[in-house]
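The values are calculated or read from the model by the stated rules, or taken from the named source; none is laboratory data. None of these values were measured; they are calculated from a predicted model. FYI the Cβ positions are ideal-geometry reconstructions off the backbone, even for glycines, and counts take in every protein chain you see. All accessible areas refer to the heavy atoms of the entire protein, side chains included, with ligands and DNA or RNA removed. Shrake-Rupley method; radii C 1.70, N 1.55, O 1.52, S 1.80 Å.
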Amino acid sequence: MTTTEIAVSNEQIREHAERLARGPVGVGDLAIAFDESRAASAELLVAGTAFYPRMLGDIDGARSSIHINQFGFKPGVVGDQFAEALTRKAGEGVAVRLVVDGRGSAPEDGSQDLYARLAASGVEICVVRATKLRSPVGPLGGGGALGWNLHALGHFDHRKMTVVDGRIGWVGGAGIEDHFGDGRFHDLFVRVTGPVVSQLALVFLASFRWLGGTVSAADLDALFPALDPGPDSVQAVVLHNAPGKFRPITTAVGELIEAATATLDIANPYVSDAAMIRRIAGAAHRGVRVRLFVPADANNWACAAAQQAHHGTLLDAGVRIVEHPAMLHAKAFVGDGEQVLAGTCNLEAWSLKRFFEIDLRVRSRDLAGQFEERFAAPAEAVSGEGRRLTGRRERAKARVFAAISPAL
């Protein structure tokens, strides 16, 4: 553990939440390290047509609170559905709080009308402004004075999670945006219940308070109810990268790859980090059956070029590269058919070292089986095989972007 981490045991979560609620909360308070917890249930849902209706159903059933942390929450068919659901629940007296990224969601620019409607209904909205040297302090529209924003510069909030009534948690790779709903982007979410949800709630609370949001003792009662793991619970823990050197997801990804002994499946849209690529090739070299699911035509051409520079190395090691025809955007790792790590972290430098990211790690053969049945097998049926680069020009371009991959 580094000196910047704050270790919070499962028994200390409520106590720590009370400390955060009293404040003040600084950037150092975001580096919360959790013990292993339990999930009463864990389910993997693939594609917006599967996870959006379930998520909206959970929101519609909320009795006390809804907390959403989203990189991309924009107007459109999907965004408007969520906005209508949240305004309706706020009108019913349910506490609704949002943390959104200024660049990903544009609440003060192109999405301004949507956020004005949310705020007018009573939704409390805090914004991570990673490109602003000075920014307002406190919730959106609160008229807070400008303050220095140096601690957040460059640290985009790439997380996508939802907590309903402190009892249901969602973590995945999709924004609340139309291209995840209509099939252009292919993604997944994991839905969990049980004690591990309190870890998600504490991560949200720390960020919300850091950004100037306020909560009361009654709010904490709603956000941190007593949760029974149940008779069929599985081991689970929340991992999240925060500003500074607190990067437990990065560590966990490396450990999962290196610990695999029989099978390793990786779904990721941006695979450009050279150290992670060496680990993946190393797994194949030691006899692990490795599948790497990537988009055939990624929307980030620089990361795609950097990745393709390593295709020969990966293929020579025995890695099977599966290129999905849609913009595959899922971020998931499955080791030996048992350990599942899923969430928002890409295998490129910004996610691994700079952005806010969040992942769930769950030890469950059932959840791993759901990944195979609902994601991997259907992807295999529609995808093509990755190839090594052959043309002189494309190889030269790929080498250039591989060389600058630490900046991608």
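Results for (1) assigned to a loop (DSSP other than H, G, I, E, B); (2) surrounded by fewer than 24 Cβ atoms within 10 Å (Cβ to Cβ), shown as yes or no for each residue.
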residue	(1), (2)
GLY144	yes, yes
HIS155	yes, yes
GLY169	no, no
ALA174	yes, no
HIS179	no, yes
VAL197	no, no
ALA201	no, no
ARG209	no, yes
| note | Within the range 251-279, the residues that are within 19 Å of the chain's Cα centre (by Cα) and open to solvent by 30 Å² or more (accessible area, probe 1.4 Å) are THR251, GLU255
| In the range 339-384, what count of residues is obtained for those that are assigned to a strand (DSSP E or B) and open to solvent by 10 Å² or more (accessible area, probe 1.4 Å)? | 4
| Checking ASP221 against (1) over 21 Å from the mean Cα position of the chain (by Cα); (2) closer than 19 Å to PRO406 by Cα, which single condition isn't satisfied? | (2)
| request: Could you look through the range 28-48, keep only residues that are under 19 Å from the mean Cα position of the chain (by Cα) and in a helix (DSSP H, G or I), and pick out the one that is nearest to ASN241 (Cα to Cα)? | output: LEU30
| query | Which one of VAL294, VAL340, VAL290, VAL334 is among the β-branched types (Val, Ile, Thr) and closer than 20 Å to PHE180 by Cα? | reply | VAL294
| Which of the residues belonging to the range 95-116 are touching an Asp or Glu at 6+ places or on another chain (Cβ under 9 Å) and more than 15 Å from PHE156 (Cβ to Cβ)? | ALA95, VAL96, ARG97, LEU98, LEU114, TYR115
| query | Do we find that ALA47 is open to solvent by 20 Å² or more (accessible area, probe 1.4 Å) and at positive phi in this structure? | reply | yes
| request: Give the residues of the range 50-75 that are open to solvent by 20 Å² or more (accessible area, probe 1.4 Å), within 17 Å of ALA174 (Cβ to Cβ) and not in a helix (DSSP H, G or I), sorted by residue number. | output: PHE71, LYS74, PRO75
| message | List pairs: first residue in the range 211-240 and assigned to a strand (DSSP E or B), second residue acidic (Asp, Glu) and surrounded by fewer than 19 Cβ atoms within 10 Å (Cβ to Cβ) anywhere in the structure, Cβ distance under 8 angstrom, at least six positions apart or on different chains. | response | VAL234/ASP366; GLN235/GLU36; ALA236/GLU36; VAL237/ASP35; VAL237/GLU36
